[in-house]
Amino acid sequence: MRKLVYYIATSIDGYIAGPNGEYDFYPVADDMAAYLNSEYPETIPTHIRAHVGLDVPNKTFDTVVMGRGSYEPGLAAGVTSPYAHLRQYVVSSTIKSIDDPAVKLVPGDPLGLVRRLKQEDGLNIYLCGGGNLAAQLLPEIDELIVKCYPVVAGAGIPAFHGGFAPATFTLTGTRTFGNGTVLMTYRRPETAG
């Protein structure tokens, strides 16, 4: 069965973005970019892939699920299909329509969507954000890949923004990069083999 993987960047204090969606405060490192581009090339938006020389087949993911806050920054820059190399789903009850046929709008029931996607054949499903959607999908998240940057944001959008719902994961790997960022991989205990 396919897995839902929440691949996300966070500050030390658990924010995925600043209060207004800022994420440019995360320090970039060449060794980190090289590793992540090699291991998770499909997480790089299509319009950026050409600029960084990524012309490779999908390795880990063939589908992306994102919330409105993750979709709109690209849309504001004129990018209607940010992950054209993946099947794209935007979960939002506030977006009325999406004009790009490559992007499917899902107005409700993200759990039902992910449960259906997991039953299909293919690679894993990339949960790209945001915090509200991640909290709704927590029961279906099989793996977390967290890039924890050496920055305290102080405020912003949390990685999970929902009610109190403790969920246990098992640490399965760590890697540290030159800029102090730590990449941590966690799996649900029942899938940690």
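Listed here are the residues, each with its yes/no results for (1) touching a helix residue (DSSP H, G or I) at 6+ places or on another chain (Cβ under 7 Å); (2) among the small types (Gly, Ala, Ser); (3) under 17 Å from Gly129 (Cα atoms).
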| position | (1), (2), (3) |
| --- | --- |
| Ala9 | no, yes, yes |
| Asn20 | no, no, yes |
| Phe25 | no, no, no |
| Ile44 | yes, no, yes |
| Leu54 | yes, no, no |
Thr60, sole failed condition from (1) modelled with pLDDT under 95; (2) under 25 Å from Gly180 (Cβ atoms): (1)
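Can you confirm whether segment 139-152 contains a residue that is more than 19 Å from Thr43 (Cα to Cα), in contact (Cβ under 8 Å) with a residue 40 or more places away in the chain and among the acidic types (Asp, Glu)?
Of the residues in segment 139-152, the ones more than 19 Å from Thr43 (Cα to Cα) are 139-140, 150-152.
Among the residues that remain, those that are also in contact (Cβ under 8 Å) with a residue 40 or more places away in the chain are: 140, 150-152.
Checking which are among the acidic types (Asp, Glu) leaves us with 140.
Yes, segment 139-152 contains a residue that is more than 19 Å from Thr43 (Cα to Cα), in contact (Cβ under 8 Å) with a residue 40 or more places away in the chain and among the acidic types (Asp, Glu).
Quick grid of which residues meet (1) among the basic types (Lys, Arg); (2) within 23 Å of Ala159 (Cβ to Cβ); (3) without any contact (Cβ under 8 Å) to a residue 60 or more places away in the chain:
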site	(1), (2), (3)
Met1	no, no, no
Ile8	no, yes, no
Gly18	no, yes, no
Asp24	no, yes, yes
Asp30	no, no, no
Ser38	no, no, yes
Tell me which residues, restricted to segment 150-174, are surrounded by fewer than 15 Cβ atoms within 10 Å (Cβ to Cβ), touching a helix residue (DSSP H, G or I) at 6+ places or on another chain (Cβ under 7 Å) and assigned to a strand (DSSP E or B). Thr170
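Looking for something part of a helix (DSSP H, G or I) and modelled with pLDDT of 95 or more - is there at least one such residue anywhere in segment 99-111?
Here is the first cut: in segment 99-111, the residues part of a helix (DSSP H, G or I) are 110-111.
Subset that is modelled with pLDDT of 95 or more: 110-111.
The answer is yes, given that some residue of segment 99-111 is part of a helix (DSSP H, G or I) and modelled with pLDDT of 95 or more.
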Looking at segment 45-57, can you tell me whether even one residue there is among the hydroxyl-bearing types (Ser, Thr, Tyr), touching a residue at least 40 places away in the same chain (Cβ under 8 Å) and in contact with a Ser or Thr (Cβ under 8 Å, 6 or more places away or on another chain)? no
Of the candidates Gln88, Gln136, the one satisfying the condition of being surrounded by 12 or more Cβ atoms within 10 Å (Cβ to Cβ) and assigned to a strand (DSSP E or B) is Gln88
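Please find, among Tyr35, Tyr23, the residue that is surrounded by fewer than 18 Cβ atoms within 10 Å (Cβ to Cβ) and under 22 Å from Leu123 (Cα atoms). Please lay out each step first, then the result.
Details: Tyr23 fails: under 22 Å from Leu123 (Cα atoms).
Testing whether each residue is surrounded by fewer than 18 Cβ atoms within 10 Å (Cβ to Cβ) and under 22 Å from Leu123 (Cα atoms) leaves just Tyr35.
Being out of contact with any Asp or Glu (no Cβ under 7 Å at 6 or more places or on another chain) and outside any loop (DSSP other than H, G, I, E, B): is that true of Arg115 here?
On the way: out of contact with any Asp or Glu (no Cβ under 7 Å at 6 or more places or on another chain): no; outside any loop (DSSP other than H, G, I, E, B): yes.
Against the criterion (out of contact with any Asp or Glu (no Cβ under 7 Å at 6 or more places or on another chain) and outside any loop (DSSP other than H, G, I, E, B)), Arg115 does not qualify.
Evaluate the following for Ser11: is it exposed (fewer than 14 other Cβ atoms within 10 Å of the Cβ), closer than 22 Å to Asn179 by Cα and not aliphatic (A, V, I, L, M)? Explain how you work it out, then say what you get.
Values: exposed (fewer than 14 other Cβ atoms within 10 Å of the Cβ): no; closer than 22 Å to Asn179 by Cα: yes; not aliphatic (A, V, I, L, M): yes.
No.
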Screening Ala134, Ala159, Ala167 for residues that are touching a residue at least 12 places away in the same chain (Cβ under 8 Å), farther than 25 Å from Lys59 by Cβ and aliphatic (A, V, I, L, M) leaves only Ala167
Count of residues meeting criterion [of a type in the set (D, E, K, R) and surrounded by fewer than 18 Cβ atoms within 10 Å (Cβ to Cβ)] in segment 38-67: 3
Considering residues of segment 91-107 that are within 24 Å of Ile157 (Cβ to Cβ) and touching a Ser or Thr at 6+ places or on another chain (Cβ under 6 Å) only, the residue surrounded by the most Cβ atoms within 10 Å (Cβ to Cβ): Val103
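The values are calculated or read from the model by the stated rules, or taken from the named source; none is laboratory data. As the structure is a prediction and not an experimental result, all values here were calculated from the model. Here Cβ is always computed from backbone atoms with ideal geometry, including for glycine, and neighbour counts include all displayed protein chains.
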